[in-house]
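A short worksheet on the structure shown next.
The values are calculated or read from the model by the stated rules, or taken from the named source; none is laboratory data. All figures in this text were calculated on a predicted structure; none of them were measured in a lab. Ideal geometry is used to build each Cβ from the backbone, glycine not excepted, and the neighbour counts take in all protein chains shown. When the accessible area is computed, the model is the full protein with side chains, heavy atoms only, and any ligands, DNA or RNA have been set aside. Shrake-Rupley method; radii C 1.70, N 1.55, O 1.52, S 1.80 Å.
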Amino acid sequence: MHHPPVRSLRHNFHRFMLLTTLSSLGMWSSGFQVQAQFTAYNDHFSGTGTHVNTTDYNVLGTAGGAPSTGGALKNIATGATLPVSVAVSGSGYATGASAGAPSVGTPAYNIFNGFCDFSSGTLNHAVQLGASAVVTHTFTGLNPGKKYAFIGTSVRGGDSTYANRWTLFTLDGADAFVANHTAGCLTSGLAVNSVTFNSGINTTGDYVAWTNISAGADGIISISAAQYTGTIPSGGTANGSIGYALMAWRLDEVDSIQISVPVSITNQPANITVLENRPATFTADASGTPPLTLQWYKTVGGVESAIIGATNSVYTLFRPTLGDSGAIFRMEARNTVSNLTRTAWSSNAVLSVNADLESPQLVSVAGAFPNLINLTFSEVLATGAATNVANYSVTSAQGNVVISNAFLNANGSNVLLTTTAHGLGVTYTVRVSNLRDLAAAGNLLAPNPSEATFVAVSFVPTDVGSPALAGTTVPVPNGFDVRVGGSDINGSTDQFSFNYQQRTGDFDVRVRVSAMSLSDLWAKAGLMAR
């Protein structure tokens with residue numbers, strides 16, 4: 001076979017998978033994920049939303065009768081006491097009012113929700129850091145043969161009163177580390193082991209994070225917090241009256257530089273407008289520690305239900321009707337972190353379906369010896385007219401053929417005619433009339449009737465999976481020119497075109513692909529026997 005431009009979308013498919021992989025690594029700044037040897041959380045004061053296995057060590061000690069200034073950490077998954085301890089110390093600090101919490105869906109929220117509640121009742125106090133104040137968390141008992149990851153944050157509240165209250169955090173005692181702070185943190189002009197962010201109005205959920213921490217032979221590291229009064233990203237100066245000490249933090253012991261991350265939506269689906277019976281494709285991306293479980297939902301008339309089989313980041317409604325107009329689609333993503341199920345929902349995407357007032361057209365005709373003719377139309381056809389043999393005729397100078405059956409392919413836009421025998425190399429004229437599309441308007445074929453000619457060949461052309469470019473097969477000396485576009489031949493969603501012969505009994509056949517014009521790297525052509 002001679003193959004001029006063959007269009008394959010497999011290259012796009014691989015590019016999409018690559019983008020998905022990269023986006024899933026973006027939950028942390030450099031994006032790390034792993035199963036930890038242990039994970040420990042600390043809330044500055046326990047509240048109704050604090051996990052039962054979260055500690056509540058705080059520089060304020062026994063204020064309110066709940067926290068203490070240090071002790072052993074707990075494995076959040078089991079509650080087991082760990083060999084690692086923390087001591088919280090400081091000087092010059094003051095007790096403020098209740099703390100705030102990061103907004104839903106922000107990075108800090110995704111890390112701490114379900115483990116630390118930040119503010120709950122009168123026990124929660126914001127530890128204020130004035131010009132000379134410092135609060136330090138010192139971790140001991142770290143294993144020199146392991147790696148550690150630390151995440152910490154503070155939130156005073158969303159009031160504009162707290163819009164300029166920055167804290168400088170510094171990691172000391174580590175032999176090695178990798179900074180993985182969120183985008184709102186500032187490191188420019190600071191020591192490599194320091195970082196600052198606005199700990200006052202931090203409802204955007206910024207946090208400081210170091211991964212791949214090596215504690216060294218003594219097994220000790222510390223994170224100190226002090227007020228920051230230097231340059232800030234806006235170009236001004238952090239000149240607020242105070243900053244705030246850590247209110248929530250997490251420590252992981254790991255074998256590698258990765259850390260588990262709760263699921264979040266990284267790309268929202270868009271509203272779509274299509275003609276009826278034209279595919280509508282919704283796309284949403286989620287990140288987090290695999291495995292992720294995805295499920296699309298559809299809401300019609302206020303009732304939402306899961307779409308059977310819609311468990312990928314891309315969902316296509318192949319033949320939307322006017323009744324689907326106004327339907328709402330959204331994707332749910334789930335994963336498990338520290339034995340807790342995390343859920344994230346995409347935003348709503350609305351489908352608008354416009355009436356199809358376009359007439360279907362006859363695109364191409366191909367005949368295969370001895371008795372098959374394949375007709376390709378521009379859109380999906382109504383079954384009744386498409387399968388009525390009275391709507392077709394096939395004539396030639398050497399004599400007409402009789403049509404015994406008209407079969408509408410699963411894609412709805414190809415009709416296969418079964419006829420009496422026609423001769424190889426003979427030119428035939430196919431006449432089609434009275435066919436209508438599947439639109440509510442029932443648009444009539446244009447022109448009506450439509451005619452096309454073909455020269456009978458020895459192979460039956462067939463499309464699979466409604467490829468973007470319908471396949472065409474044209475006889476040329478010693479072979480055929482084949483043009484087609486499709487996504488791939490792989491898995492359970494094939495999309496391609498092929499030409500076939502049926503044989504009975506023993507046979508010998510010799511066929512080859514003599515040339516191929518590549519439209520992209522992953523275009524393919526080949527031979528199949530089954």
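How large is the helix-only mean residue ellipticity at 222 nm for the chain, computed as the sum of -39500 (n - 2.57) over DSSP H runs with n ≥ 4, divided by its residue count, in deg cm²/dmol to the nearest 500?
Numbers: 3 runs with 25 residues, N = 530.
Only helices count here, giving -1500 deg cm²/dmol.
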Problem - Listed values (i) 28.0; (ii) 25.0; (iii) 29.1, entry calculated as Kirkwood radius over Cα pairs in Å - result: (i)
Practice task
Counting only C-alpha contacts under 8 Å and six or more residues apart, can you give the relative contact order of the chain as a whole percent?
Solution key: 15 percent
Handout entry: Within straight-line cross-link reach of LYS146, lysines at Cα separation under 27 Å, skipping those fewer than 8 residues along the same chain
Key = LYS74
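Please compute the per residue accessible area over the chain with all protein chains in place, 1.4 Å probe, rounded to a whole number of Å².
On the way: 23660 Å² over 530 residues.
Accessible surface, normalised per residue, equals 45 Å².
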Practice task
Could you sort 84-92, 126-134 so that the peptide with the highest average Cβ count within 10 Å comes first and the rest follow in order?
Solution key: 126-134, 84-92
Exercise for the section: Report, in whole Å, the centroid distance computed from the Cα atoms of segment 423-468 and segment 182-249. Expected result: 68 Å
Exercise for the section: Return the carbon/sulfur percentage of the accessible area of the chain, one whole number, probe 1.4 Å, all protein chains in place. Expected result: 53 percent
Exercise for the section: Counting only C-alpha contacts under 8 Å and six or more residues apart, can you give the relative contact order of segment 225-315 as a whole percent? Expected result: 19 percent
Practice task
Round to the nearest 10 and give me the degree value, 0 to 90, for the angle of helix 10-24's Cα axis relative to the longest principal axis of the chain.
Solution key: 10 degrees
Practice task
Under a cut-off of 17 Å between alpha-carbon atoms, report the lysines in cross-link reach of LYS147, not counting same-chain residues fewer than 8 places apart.
Solution key: none
Problem - segment 38-100: relative contact order as a whole-number percent, Cα under 8 Å and 6+ apart - result: 27 percent
